[in-house]
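What follows is a short report on a single structure.
The values are calculated or read from the model by the stated rules, or taken from the named source; none is laboratory data. Nothing here was measured: the structure is a model prediction, and the numbers come from that model. Glycine gets a Cβ as well: all are built from the backbone with ideal geometry, and neighbour counts include every protein chain shown.
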Amino acid sequence: MRGVFVDANGSLADIFERQRRDGDPAVSVNRNPDIAPDQIPALLDGAEIVIIDHTALPTDVARRCNGLKHVVFLGTGARSYMNPEELGELGIEVHLIKGYGDTAVAECAIALMWAAARGIAQMDREMRNGNWLRDDGMQLAGKTLGLIGFGGIAAEVARIALGSGMRVVAWNRSTKKFPGVEFVEIDTLLAQSDVVSLHLLLNDETRGFLSSARIAAMKRGVILVNTARGAMVDEAAMIEALKSGHIRHAGLDVFNVEPLPADHPLTRLANVTLSAHSAFRTPEASENLIRAAWEHCRRISRG
């Protein structure tokens with residue numbers, strides 16, 4: 001059984017090769033992370049397994065991948081890049097990797113929250129332009145953090161926030177318990193939270209979850225953090241809320257269009273802190289990610 005890692009950046013490629021063992025399935029590595037979807041069939045050349053980091057795999061492209069039976073997606077957000085149900089109808093199974101970067105993403109969410117509360121990115125930009133900007137920040141100790149979705153990442157965010165003296169409330173689609181966290185209805189969370197952080201998986205139910213109506217239901221002056229998926233938020237409504245001050249500041253790691261275009265409206269708003277979908281990018285998380293990818297390949301090879 002053969003496989004191809006079709007879009008490996010340099011660091012992931014190096015880790016992948018370092019973790020290779022004797023007896024592993026034959027998986028080749030394409031060290032070009034910027035491939036087009038139409039290149040995938042030729043790169044696979046009949047291989048049964050494809051490992052994908054961030055490249056889209058449209059269903060019509062998958063149809064041209066002769067022999068393809070398994071997609072190992074490096075993360076949980078495969079729906080942003082492919083349609084798993086349609087691939088399933090073609091006999092292609094999509095395998096996800098969960099939990100590999102819970103701490104890394106949680107730390108990024110916390111960093112975006114603190115940067116938003118104190119306007120650090122804006123001060124940095126202004127000082128580089130010769131302006132000595134000094135505005136009052138938001139003190140977070142004693143404030144309420146609302147977590148929408150409560151999996152492994154949100155649990156790590158809660159642990160850190162509770163240690164910082166914040167009150168933490170959460171809403172989840174299924175019943176959860178966590179020490180120190182109060183689980184509430186979504187309307188209560190939106191009404192009470194000084195900071196709202198998104199931690200849902202993207203699917204048909206969660207797409208557009210933070211709608212215009214739910215944004216309007218949030219406290220005026222709220223901080224919004226999104227390290228999940230851009231498609232969960234009504235982007236136009238969020239931008240209007242940022243302009244009006246209803247949202248004090250947004251810390252965003254994910255967007256509807258990635259890479260974010262230089263002329264995108266979000267790049268022109270001072271009260272937004274942007275990061276390039278990199279919350280999960282730490283050496284520790286990358287090691288965990290590739291280890292899990294190899295385990296998928298080994299399990300598939302064993303049948």
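Number of residues in the range 251-281 that are crowded, with 17+ Cβ neighbours inside 10 Å and of a type in the set (S, T, N, Q): the value is 2.
Of the helices (runs of 4 or more DSSP H) lying entirely inside the range 192-303, those containing at least 3 residues that are charged (D, E, K, R) span 235-244, 283-302.
In the set (1) out of contact with any Ser or Thr (no Cβ under 9 Å at 6 or more places or on another chain); (2) not in a loop (DSSP other than H, G, I, E, B); (3) not hydrophobic (A, V, I, L, M, F, W, C), the condition left unmet by residue 142 is number (2). When the criteria are applied in full, residue 120 meets the requirement of being touching a Gly at 6+ places or on another chain (Cβ under 9 Å), in contact (Cβ under 8 Å) with a residue 60 or more places away in the chain and surrounded by fewer than 16 Cβ atoms within 10 Å (Cβ to Cβ).
Just one of (1) more than 20 Å from residue 233 (Cα to Cα); (2) over 21 Å from the mean Cα position of the chain (by Cα); (3) in contact (Cβ under 8 Å) with a residue 12 or more places away in the chain fails for residue 134. It is (3).
Mind listing whichever residues of the range 1-15 are within 25 Å of residue 58 (Cα to Cα) and surrounded by 14 or more Cβ atoms within 10 Å (Cβ to Cβ)? Within the range 1-15, 1, 2, 3, 4, 5, 6, 7, 8, 9, 12, 13 meet the criteria. Does residue 286 satisfy the condition of being closer than 17 Å to residue 54 by Cβ, surrounded by fewer than 18 Cβ atoms within 10 Å (Cβ to Cβ) and either in contact (Cβ under 8 Å) with a residue 60 or more places away in the chain or touching a Cys at 6+ places or on another chain (Cβ under 7 Å) (or both)? The answer is no for residue 286.
Residues checked against (1) in contact with a Leu (Cβ under 7 Å, 6 or more places away or on another chain); (2) in the same structural domain as residue 142 (by TED's automatic domain parsing); (3) crowded, with 19+ Cβ neighbours inside 10 Å; (4) at positive phi:
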site	(1), (2), (3), (4)
181	no, yes, yes, no
184	no, yes, no, no
189	no, yes, yes, no
192	no, yes, no, no
197	yes, yes, yes, no
201	no, yes, no, no
204	no, yes, no, no
213	no, yes, no, no
219	no, yes, no, no
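For the range 112-133, taking the residues that are outside any helix (DSSP H, G or I) and in contact with a helix residue (DSSP H, G or I) (Cβ under 8 Å, 6 or more places away or on another chain), the one that is nearest to residue 223 (Cα to Cα) is identified as 133. Might you check whether a residue that is in the same structural domain as residue 141 (by TED's automatic domain parsing), of a type in the set (A, V, I, L, M) and more than 30 Å from residue 56 (Cβ to Cβ) occurs anywhere in the range 248-265? No, the range 248-265 has no match at all. One residue alone among 182, 156 is in contact with a helix residue (DSSP H, G or I) (Cβ under 6 Å, 6 or more places away or on another chain) and among the acidic types (Asp, Glu), and that residue is 156.
Taken over the range 256-273, the criterion of being within 19 Å of residue 135 (Cβ to Cβ) and either over 19 Å from the mean Cα position of the chain (by Cα) or touching a residue at least 40 places away in the same chain (Cβ under 8 Å) (or both) is satisfied by 268, 269, 270, 271, 273.
Can you say whether residue 204 is of a type outside the set (A, V, I, L, M, F, W, C) and touching a strand residue (DSSP E or B) at 6+ places or on another chain (Cβ under 8 Å), as far as the supplied structure shows? Considered against the rule, which asks whether it is of a type outside the set (A, V, I, L, M, F, W, C) and touching a strand residue (DSSP E or B) at 6+ places or on another chain (Cβ under 8 Å), residue 204 comes out as no.
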